[in-house]
Amino acid sequence: MAASKQTAVGPLVGAVVQGTNSTRFLVFNSKTSELLSHHRVELTQEYPQEGWVEQDPKEILQSVYECIARACEKLAGVNIDISNIKAVGVSNQRETTVIWDKFTGEPLYNAVVWLDLRTQSTVESLSKKIPGNSNFVKSKTGLPLSTYFSAVKLRWMLDNLRPIQKAVEEGRALFGTIDSWLIWCMTGGVNGGVHCTDVTNASRTMLFNIHSLEWDKELCDFFEIPMNILPNVCSSSEIYGLMTSGALEGVPISGCLGDQSAALVGQMCFQEGQAKNTYGTGCFLLCNTGQKCVFSEHGLLTTVAYKLGKKKPACYALEGSVAIAGAVIRWLRDKFEIITTADEVEKLAKEAGTSYGCYFVPAFSGLYAPYWEPSARGIICGLTQFTNKCHIAFATLEAVCFQTREIVDAMNRDCGIPLSHLQVDGGMTNNKILMQLQADILRIPIVKSVMPETTALGAAMAAGAAEGVDVWSLEPEDMSAVLMERYEPQIQATESEIRYSTWKRAVMKSMGWVTAKAPENGNSAVFSCLPLGFFIVTSMTLLIGARYVASFEE
């Protein structure tokens, strides 16, 4: 039997998207930006204690290999030769911290995820070391001292885990965010793996000087982090090394961007003042500020947006970070159990059409921008005996929109020029109710790419454009036109403002629920008030009672 004829396609570029909840591998045509194949694997998260969030680095790595293998099989199934894949880019969940043994290749502990709160006492002790009139940490890094960033996670690991202390003492330890771990493993691991990161990921560690674009000795001394465990910092678009195994053996890894920077590139926000919001596990709004660092006076972060080549300049962004966005939908499914699939939340919200005065502040990991308040915890308020799961679903979607509104307001004040529209991406943007709510609450149009995989696209663009690969042009005239879907505001401004101001009252009530206390192991918290679960149980008891009464009225 004759072999099937291979389909002729232009150069292809693959993109690893390693997120908090899942790993994906996607393959694009570099000439048209068309998505040709993809595969996704969901990941598990571990919660060893209250506020702790961990993942297995080996599970993450295996998920990457599985996604690559399955996506390549799918290409072969439609007669596309995988030898057309000329480069691979990597995008990753940022701040998540891994330490491994460079001689055995084994992780020395689970990855401590960006959402993890165990380091609050570490943050408090470090904050006392910063002179009150000179916050050199923020001036060098653009970041507030917070549990969010890698340096404090690394400091906790060095303080509390003897195997890591011993590996550092013996010169065996390597540190990295998820991109570093993956690239090291995929380029050979113990057999010559490349230990590197890019400027966007480095800028989220709190050890990196965003002005000099180098690891900063003063910062490393402050956090007491040995510099010899840190990865080499590269641009976001250059050949780091070659894949050493699997279907893509010999293919260069030539793009690396933190997931939010990858989405900014994928949305083609290359002009100063352009902004995008990604709705993933969290919510992250980045505004391109060009080649200058803009420091926020309203609770935003200053971060490196991208550096697309060794000789290209770094561009910067203002960023607003919301810890809990898509994660709250997962919570409704897995913990609250009022939905069985994530898609059901849209159906419930549509059925209600209103929150019926119910407001949800999902501060499960404290509040990020613009508050940076670790003592906050989630609350649902405004409940009555008529509140049902549909109203709670609607309030959940509204919460994501209200949190975004707070960041947009802060960004408008920092930049001085209000956003005329907001470009959006991420899995949650498939929810039409959410997108319309966002337009209503922001009072500006929401512009969504019809091709939602902008994070993967950004990583692929960086990889394909790298010197020595040169299969993807980033010149404006060569960019493929992207079809957009637009949502216009549909409610009166007064109604939007009333709902927003009421939600902000709820935010105030969410603060001060937890006080950090440093016991012997330095990693637990004492609750100063009853947690969210108590109020949910109480409210659900009322709801069940109301349904019981209603059953006699039907």
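Here are some notes:
- Filtered by the rule that a residue be touching a residue at least 24 places away in the same chain (Cβ under 8 Å) and assigned to a helix (DSSP H, G or I), the range 220-278 gives F222, F223, N228, I229, D259, Q260, S261, A262, A263, L264, V265, G266.
- Residues satisfying the stated conditions in the range 213-239, i.e. over 22 Å from the mean Cα position of the chain (by Cα), open to solvent by less than 20 Å² (accessible area, probe 1.4 Å) and closer than 22 Å to V190 by Cβ: I229
- Qualifying position, being among the aromatic types (F, W, Y) and without any contact (Cβ under 8 Å) to a residue 40 or more places away in the chain, among Y356, Y371: Y356
- Scanning the range 285-308 for residues that are open to solvent by 10 Å² or more (accessible area, probe 1.4 Å) and touching a Ser or Thr at 6+ places or on another chain (Cβ under 7 Å) yields C293, V294, F295, S296, Y306, K307, L308.
- Any hit, the range 140-150, residues being assigned to a helix (DSSP H, G or I) and among the aliphatic types (A, V, I, L, M): no
- Enumeration of residues in the range 405-440 that are part of a helix (DSSP H, G or I) and closer than 16 Å to E319 by Cα: R405, E406, I407, V408, D409, A410, M411, N412, R413, D414, C415
- Residue count, the range 68-92 (criterion: over 26 Å from the mean Cα position of the chain (by Cα), among the basic types (K, R) and closer than 24 Å to C256 by Cα): 1
- Residues that are in contact (Cβ under 8 Å) with a residue 40 or more places away in the chain, outside any strand (DSSP E or B) and touching a strand residue (DSSP E or B) at 6+ places or on another chain (Cβ under 6 Å) were ranked within the range 71-103; the one that is farthest from L457 (Cα to Cα) is K102.
- Filtering A349, A393 for residues that are under 25 Å from T44 (Cα atoms), modelled with pLDDT of 90 or more and part of a helix (DSSP H, G or I) leaves a single hit, A393.
- Checking the range 201-210 against the condition returns no match, with no residue being without any contact (Cβ under 8 Å) to a residue 40 or more places away in the chain and either surrounded by fewer than 24 Cβ atoms within 10 Å (Cβ to Cβ) or under 23 Å from V16 (Cβ atoms) (or both).
- Cβ pairs under 9 Å, 6+ apart, first in the range 139-160 and more than 26 Å from V294 (Cα to Cα) and among the aromatic types (F, W, Y), second open to solvent by 10 Å² or more (accessible area, probe 1.4 Å) and part of a helix (DSSP H, G or I): W156/S121; W156/T122
- Selection status of E319, acidic (D, E), open to solvent by less than 50 Å² (accessible area, probe 1.4 Å) and without any contact (Cβ under 8 Å) to a residue 60 or more places away in the chain: yes
The values are calculated or read from the model by the stated rules, or taken from the named source; none is laboratory data. If you're wondering where the values come from, they're calculated on a predicted model, not measured in any experiment. Cβ coordinates were reconstructed from backbone atoms using ideal geometry, including for glycine residues, and neighbour counts include every protein chain displayed. All accessible areas refer to the heavy atoms of the entire protein, side chains included, with ligands and DNA or RNA removed. Shrake-Rupley method; radii C 1.70, N 1.55, O 1.52, S 1.80 Å.
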